[in-house]
Amino acid sequence: MEISKPAHIWQLSFDGDWPTSVAFLGSSRKLAAGSRDGRIFVWDLPESPPESQEKDTPPDAAPVRQLVGHENGVTHLIATDDGKTLISSSLDRTIRIWDVNAEATGKGDVILDKPARERLSNRKSAAEKAAILEAPGATVETIGSQHTLEGHKDWIKALGISADGRRLISGDDTCLTIVWNLQTKKQIASWHGYQRVWVTSAALSPDGKTAFVGEFAGRRSSFDVPAAQARLWDAQKGQMTLDLLKVWTPTVKDEDRVDSYGYGQAWGKLLSRGLVCARFSPDGTLLAVGQGGETDKGQIHLVNVESGKIERTVSGHQSGACDVRFSADGRLVLSSGRDTVIRVCQVADGKEIATLGKARGGQFKDWFYGIAISPDEQFVAAADIAGLVHVWQLNS
Amino acid sequence: MNSNCPINEHLNRRSLLKSSLVTASGASLMNWGGLFSSDAHAAEAGKKNKHCILIWLNGGCSQFETFDMKIGRPTGGLFRDISTNTGESRVCELMPNIAQRMDKLAVIRSMKTSQIDHPGGIYLMHTGYQETAAVRFPEIGAIVAKYCGEKKSDLPNFVKISSNGNAGAGIIGPQYSPFSLDKDGRLPTFSESYLATPIETRRHGLRDFMEERYAKAHKAEPARMHRESYDRARRLQNVRQAFDVDSEWEKYRDRYGNSKLGRRLMTARCLVEAGVSFVEVGQSGYDTHADNFEGHKSLVPTMDIGWAALLDDLSERGLLQDTLVVWMGEIGRTPRINNRSGRDHYVRSWSTALAGAGVKGGIVYGESDKDGIDVKDKPVTEGDFFGTVYTALGINPLEENYAGVRPIPLAPFGHTVVKEILA
């Protein structure tokens with residue numbers, strides 16, 4: 001991945017509840033985004049963006065398809081390399097697998113640009129205002145999901161896929177982690193963590209054999225349960241292989257690893273309000289994990305998968321990180337967070353070489369939730385809680 | 001002034017004479033207006049042997065994530081509703097246990113109160129009054145201790161477990177001040193004497209002797225308060241075993257949920273069973289300006305299990321009919337979800353709930369509008385709420401205590417008791 005004079009080329013409206021996730025579908029011009037009200041849309045973008053209707057704002061485009069099925073917020077979107085299959089996880093406790101090119105089953109009209117219409121209609125006559133506000137929305141084809149993976153009993157907030165696209169990992173708020181065979185749609189392994197602790201992040205190594213699972217209890221309300229975990233697992237057998245917190249806090253005795261103030265102080269510095277995003281590097285030697293929840297720094301740790309040691313801590317999103325990705329060559333790590341920016345850092349030395357976006361909001365900024373890198377690595381997209389999906393061209 | 005609890009229901013002839021004589025003798029000179037008040041009324045209320053457990057949701061629990069969901073509306077949030085055992089009302093999916101006990105609850109969905117921030121809200125929802133410099137209003141716990149408590153009991157009549165009331169006993173006197181346990185419901189370490197019992201007893205005797213001489217010469221209130229405090233501390237030593245609930249916790253741990261809050265709630269049941277008239281149990285963390293949904297998801301299920309277990313446990317022991325369980329915090333939370341995925345403070349429309357002590361179950365009182373922005377029907381102010389709570393406990397909310405010569409009713413002037421939820 002190379003970055004030189006990145007340009008903000010699309011700002012797609014996705015009004016409603018928060019856009020949470022975004023994925024390129026095998027091409028830099030086709031992308032999907034999901035939101036916290038359970039909707040997923042697909043955009044087919046033209047090769048050259050048209051002129052924007054609003055000054056200093058990149059052009060908008062309407063979606064062409066809506067993927068209908070989720071009944072609560074979409075938490076993650078993952079596309080297979082060929083771009084034909086999209087996988088979504090949701091607060092409705094299901095994982096859905098979509099053939100994004102499947103024959104449409106219906107049509108619908110959607111208005112996703114209400115805030116932009118309101119801005120454009122400012123200072124217009126009543127007639128003009130009405131014409132703008134009441135103009136028809138976009139017509140979208142609708143399709144349903146191809147498969148539904150069921151097995152979770154609570155919100156699914158963690159989803160990851162192996163590099164070969166054959167295995168999927170998911171985790172929910174009952175602290176259940178499931179590794180799936182994507183070809184058979186069957187479970188390969190599953191395991192439970194502690195009661196009242198949530199799986200907040202999960203990732204599979206490129207070969208699908210090793211799993212990382214981050215766990216966090218929103219409230220330390222139990223007597224004997226440590227409120228946070230960061231562990232590596234054998235994804236085939238469902239057996240823990242390395243407790244990263246033990247590596248990171250070597251002076252803490254095992255018997256003290258409960259809900260004690262002292263241990264809370266120790267893991268709090270490393271995990272903050274829980275690790276909410278995780279991704280293995282393309283060669284599988286490093287793991288990037290991000291501190292989430294509302295926290296001061298929202299740092300990204302780069303962890304040596306073999307030793308479990310933190311090799312480097314890079315970047316930092318004021319008020320918390322949301323998502324993390326490696327470039328295909330493993331040289332760069334991209335992260336998004338609650339500061340309305342994507343930070344691009346060099347893995348080798350941790351130096352931040354670029355930021356996409358700029359802070360927006362008052363004391364607390366809007367979030368860039370999920371991020372995606374196009375297959376050709378020329379574009380990066382972000383889901384923005386302000387009801388937008390942004391696309392940057394990395395070399396303009 | 002409006003109440004469904006006329007004074008003649010709470011004052012018999014003997015009490016009237018007793019009160020009159022005390023006043024006539026000048027024993028309560030500054031309390032000259034208390035002809036119908038204080039001890040005589042307290043004795044009457046006390047005979048009813050009512051208790052109260054307050055489950056205090058510190059920080060302000062969201063009505064949208066508990067009893068007043070707005071599914072499908074922009075203000076609705078991420079949770080879904082579930083059916084209840086009354087077949088009519090629906091509650092948040094985070095409360096499956098309480099959903100099956102809605103027949104015991106009266107939920108008020110139309111709270112409309114006047115203090116939007118925490119200190120003011122905590123004061124307001126513990127006293128019924130806004131804080132002023134002129135009057136030290138007593139907390140509900142102190143009032144219940146005075147009017148329902150057993151005066152001769154060695155147990156404190158007002159116990160707090162990890163909770164946040166900030167008003168104390170105020171004008172009704174230090175003998176009704178709260179006794180606070182630690183966050184796990186255990187006696188605080190300072191409550192135990194470091195001296196052997198015979199030595200401690202001798203010290204008490206000596207102190208009594210000295211203080212009695214002093215008190216004869218000085219009629220000052222601080223002297224009385226000092227003696228009262230020592231006396232209470234000494235008497236507490238007689239009943240320490242009432243606070244030792246370790247073995248009980250082993251039996252009931254699963255039922256109440258293996259959590260700190262569960263243990264506090266079980267301790268509250270034990271104390272009520274032992275005779276304590278008011279126990280306040282706190283659960284903190286509801287001030288979810290950020291990550292409201294995760295925040296409530298981490299708090300409400302623990303509370304749901306513990307609260308449901310408490311209701312069952314009280315019911316099975318025959319205590320629920322005389323024990324009012326109050327569920328509330330100081331404020332509600334905003335309909336609007338902010339850019340921290342949080343909800344801020346809100347008092348234009350929020351929810352509380354009552355159970356036991358003659359409160360009708362299976363009732364949802366009042367209604368908010370479609371987005372939960374305002375009360376649509378039957379608003380309940382803090383005064384109305386306290387008037388209703390006191391009435392359920394057999395305490396006349398019009399009963400007055402005195403700040404100097406100024407009469408202060410238990411519930412503010414102008415309140416309306418919500419009769420519809422009282423049996």
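Here are a few things to note about the model shown:
- Some residue of the range A:223-233 being among the small types (G, A, S), open to solvent by 20 Å² or more (accessible area, probe 1.4 Å) and outside any strand (DSSP E or B): no
- Qualifying residue in the range A:295-309 (condition: in contact with a helix residue (DSSP H, G or I) (Cβ under 6 Å, 6 or more places away or on another chain), among the small types (G, A, S) and at pLDDT 95 or above): yes
- Strands (runs of 3 or more DSSP E) contained entirely in the range A:277-358, each with at least 2 residues that are crowded, with 24+ Cβ neighbours inside 10 Å and more than 14 Å from chain B (Cβ to nearest Cβ): A:286-291, A:300-304, A:321-326, A:332-337, A:342-346
- Cβ separations smaller than 6 Å between residues 6+ apart or across chains give the following pairs from the range B:294-315 residues that are more than 10 Å from chain A (Cβ to nearest Cβ) and at pLDDT 95 or above to residues that are open to solvent by 20 Å² or more (accessible area, probe 1.4 Å) and outside any helix (DSSP H, G or I): B:A308/B:R101; B:L311/B:R101.
- Screening B:E250, B:E228 for residues that are in a helix (DSSP H, G or I) and open to solvent by 80 Å² or more (accessible area, probe 1.4 Å) leaves exactly one candidate, B:E250.
- For the range B:253-284, a tally of residues being open to solvent by 20 Å² or more (accessible area, probe 1.4 Å) and facing chain A (nearest Cβ under 10 Å) returns 4.
- Only residues that are in a helix (DSSP H, G or I) and open to solvent by 10 Å² or more (accessible area, probe 1.4 Å) were counted across the range B:110-122, and they come to 4.
- One residue from B:S315, B:S341 being assigned by TED's automatic domain parsing to the domain that holds B:S114, open to solvent by less than 10 Å² (accessible area, probe 1.4 Å) and polar (S, T, N, Q): B:S341
- Consider the range A:134-149 and keep the residues that are modelled with pLDDT of 95 or more and in a loop (DSSP other than H, G, I, E, B). The one that is surrounded by the fewest Cβ atoms within 10 Å (Cβ to Cβ) is A:Q146.
Conditions tested, residue by residue: (1) outside the structural domain of B:R224 (by TED's automatic domain parsing); (2) open to solvent by less than 20 Å² (accessible area, probe 1.4 Å); (3) of a type in the set (D, E, K, R).
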{"site": "B:R136", "(1), (2), (3)": "yes, no, yes"}
{"site": "B:G141", "(1), (2), (3)": "yes, yes, no"}
{"site": "B:D154", "(1), (2), (3)": "yes, no, yes"}
{"site": "B:V159", "(1), (2), (3)": "yes, yes, no"}
{"site": "B:N164", "(1), (2), (3)": "yes, no, no"}
{"site": "B:F179", "(1), (2), (3)": "yes, no, no"}
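- In this entry, A:R273 passes the filter for residues that are open to solvent by 40 Å² or more (accessible area, probe 1.4 Å) and either under 20 Å from A:L204 (Cα atoms) or touching a residue at least 12 places away in the same chain (Cβ under 8 Å) (or both).
- Total residues in the range A:234-270, condition among the aliphatic types (A, V, I, L, M) and open to solvent by less than 20 Å² (accessible area, probe 1.4 Å): 3
The values are calculated or read from the model by the stated rules, or taken from the named source; none is laboratory data. The shown structure was predicted, so the numbers you read here are calculated from the model rather than taken from an experiment. Ideal geometry is used to build each Cβ from the backbone, glycine not excepted, and the neighbour counts take in all protein chains shown. Just so you know, the surface numbers come from the protein's heavy atoms only, side chains and all, with ligands and any DNA or RNA stripped out. Shrake-Rupley method; radii C 1.70, N 1.55, O 1.52, S 1.80 Å.
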